[in-house]
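Novice: Shown below is the structure under consideration.
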There are 2 protein chains.
Amino acid sequence: MLRSDSLKGETTAAQIMDAAASPSAPLHPFWPRDLLIPSYVANDRSMSEILVFLFSVSGLLLLVTWLVTGSSGQLGTWRRLAVCWFAVCGFIHGVIEGWFSLYYDVIPGDQSFLSQLWKEYSKGDSRYVIADNFTICMETITAWFWGPFSLWTVFAFLNNKPYRFVLQLIISLGQLYGAVLYFFTEHRDSYVHSEYGHPVYFWFYFVFMNALWVVIPLLLIVDAWRQMSTAQTFADRTHKAKRK
Amino acid sequence: MLRSDSLKGETTAAQIMDAAASPSAPLHPFWPRDLLIPSYVANDRSMSEILVFLFSVSGLLLLVTWLVTGSSGQLGTWRRLAVCWFAVCGFIHGVIEGWFSLYYDVIPGDQSFLSQLWKEYSKGDSRYVIADNFTICMETITAWFWGPFSLWTVFAFLNNKPYRFVLQLIISLGQLYGAVLYFFTEHRDSYVHSEYGHPVYFWFYFVFMNALWVVIPLLLIVDAWRQMSTAQTFADRTHKAKRK
């Protein structure tokens, strides 16, 4: 995968038209425009098909988890929402990102549904179609650790396990660190892997979809911190009382 | 920074001699041998000076923390050792890695003591002298978050704060994730940034020094998990007893 040193900000519509007319035109929708992705095959699924799949499966999981967590009557609204979040994370990490971690090397030319999903997403971050080293490592850890751990967290809250907030903290910090590195590396790369400022690809796919994994984990880390500090205060008091 | 596509494993001593005799010879000790680092200035401090500094400051901090944690008589041997570990981490993350996070762009040509330390270490991983994007991002987070947090953890254990194990878990998981990504990215790069198999540079600098931040954090995560689960069991019982 090669690119010239021209700055993204200096690429004009006219230059893109020129490039499209030249024999070395990039036959793909990714940025920077001079990336070479010889194996690329254009999607035959539309953006809406892909988004409908992603959001309807996530929505269905959220609904099922909401109903299941309500049956005992022991969990409050916010706790139920947090458990729903982990159920959705289990799906997105385990299935969507799991697919990427296994097939990143064939995705540009593959027409399986999930490969098409990744080609669509890559319009907002081409590191997913050029097998970027950091991206593959981070996604592999996310898929194979935070994925199964998310489902374990759902189980832990449904069964009131004493380690439930430890798991919540581990996954949330793992997600947060991954997302911070994801944004930080791209920031230092001057956002060249996306059409900077594009309302859908840059702002919705790249910024918004990933910012969820900064904001929600931060809230859940603060929540776990409070819950576990309170529990430790109890334990410390009991320990002190026993000593007296 | 450029390199040819020759495989590291195929580079022989003869090839290195040839390269040294040619006008484009690399005038640095880093791998792959065809890296171009025009600003490089050779260290005037010896390896032993640098290692003596690193290990004597770490050893002194360990000793002081050992004495301070013993004064109350409340902490056991393992807990005291864990607190000593966080004191050493505070120094290594905050000072050594903090220096890298600030001066990575001038280190190859700089003769300050800590820049020389990084040039010495880079014989085991040249990503530190080529301003590798992932390395800079990971080290910046390590220096500015896990550094101060490590010192906060020392304070938290000395004062028996209820959040002490939460901090222990956060830092240990952060260190572990950073170290895993560090090894994983280099594994996928086929260990080209070091002389593969070199007893000092590869095995001691690159493997051993970093493996510490895999093994010790793993132990401390398991420890924090147990401590916080026990505390939660206390809190859940109290909560249940109150309800009855």
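The values are calculated or read from the model by the stated rules, or taken from the named source; none is laboratory data. For clarity, every value in this text was computed on a predicted model and none was experimentally measured. Glycine gets a Cβ as well: all are built from the backbone with ideal geometry, and neighbour counts include every protein chain shown. Areas reflect the complete protein model, heavy atoms only, side chains present, ligands, DNA and RNA absent. Shrake-Rupley method; radii C 1.70, N 1.55, O 1.52, S 1.80 Å.
Novice: Tell me the net charge near B:Y128. Cut-off is 9 Å between Cβ atoms, B:Y128 excluded, with +1 for each Lys or Arg and -1 for each Asp or Glu.
Specialist: Charge balance near B:Y128 sits at -1.
Novice: In Å² (nearest 100), what accessible area is buried between B and A, both sides summed, heavy protein atoms only, 1.4 Å probe?
Specialist: Accessible area lost upon association: around 3900 Å².
Novice: Find the accessible area per residue for segment B:136-244; the probe is 1.4 Å, ligands and nucleic acids are left out, and the unit is Å².
Specialist: 46 Å²
Novice: Once the label point is set 7 Å along the Cα-to-beta-carbon vector, what list of distances in nm do you get between B:G73 and its counterparts in the other copies?
Specialist: Those separations, rounded to one decimal, come out as 5.3 nm.
Novice: Here's something else I'd like to know. In chain A, which whole DSSP H runs stretch at least 18 Å along their own axis (Cα) and average 1.6 or higher on the Kyte-Doolittle scale?
Specialist: Membrane-span-like by this rule: A:47-70.
Novice: Given a 1.4 Å probe and every protein chain left where it sits, what share in percent of the accessible area of the protein assembly as shown is carbon and sulfur?
Specialist: After summing per-atom areas, the C and S share lands at 66 percent.
Novice: Shape verdict for the protein assembly as shown, please, from the Cα gyration tensor: rounded (a/c under 1.5), prolate (a/b greater than b/c) or oblate.
Specialist: Note, shape of the protein assembly as shown comes out oblate.
Novice: A follow-up question, please. Would any residue of segment A:139-182 have its amide N under 16 Å from a label point 7 Å out along Cα→Cβ of B:R226? List them or say none.
Specialist: Under 16 Å, as judged by backbone N against the label point of B:R226, lie A:163 of segment A:139-182.
Novice: Related question: For the peptides B:33-39, B:168-174, A:130-136, what is the packing order when you average, over each peptide's residues, the other Cβ atoms within 10 Å and list the highest mean first?
Specialist: In descending order of packing, they fall as B:168-174, A:130-136, B:33-39.
Novice: On to the next question. Hey, which aspartates and glutamates would be in cross-link range of A:K161, C-alpha to C-alpha under 12 Å, not counting anything within fewer than 8 residues on its own chain?
Specialist: The reachable aspartates and glutamates, counting only those whose Cα sits under 12 Å from A:K161, are B:D236.
Novice: Counting only other chains, and only Cβ atoms inside 10 Å, what mean value do you get across the residues of A:160-169?
Specialist: For peptide A:160-169, the averaged partner shielding equals 5.
Novice: Next question, about the same structure. In percent, how large is the relative contact order of segment B:17-168, given Cα pairs closer than 8 Å and 6 or more residues apart?
Specialist: Relative contact order for segment B:17-168 comes out at 26 percent.
Novice: Between A:R188 and B:L102, what is the label-point separation in nm under the 7 Å Cα-to-beta-carbon projection?
Specialist: 1.8 nm
Novice: A:H239 label points, 7 Å along Cα→Cβ, one per copy: pairwise distances from this copy to the rest in nm, shortest first?
Specialist: 2.0
Novice: Here is a follow-up. Can you pull the mean other chain C-beta count within 10 Å for peptide A:229-241?
Specialist: Neighbouring Cβ atoms belonging to other protein chains average 6 per residue here.
Novice: With r as the distance between the Cβ atoms of A:F208 and A:L67 and R0 = 41 Å, compute the FRET efficiency 1/(1 + (r/R0)^6) and round to 0.05.
Specialist: For A:L67 and A:F208, the calculated efficiency is 0.90.
Novice: Using a Förster distance of 51 angstrom, determine the FRET efficiency expected from the C-beta separation of B:L151 and A:S39, and round it to 0.05.
Specialist: Taking R0 as 51 Å, the efficiency between B:L151 and A:S39 is 0.55.
Novice: Would you mind listing the distances between the A:D44 label point and the same position in each other copy? Use 7 Å along Cα-to-C-beta, nm, one decimal, shortest first.
Specialist: 6.9
Novice: Decide, for segment B:15-144, between rounded, prolate and oblate: order the square roots of the alpha carbon gyration tensor eigenvalues as a ≥ b ≥ c, take rounded if a/c falls under 1.5, and otherwise choose prolate if a/b is larger than b/c, else oblate.
Specialist: prolate
Novice: Averaged over peptide A:202-215, how many Cβ atoms belonging to another chain are found within 10 Å of each residue's Cβ?
Specialist: Per residue, the average neighbour count from other chains is 0.
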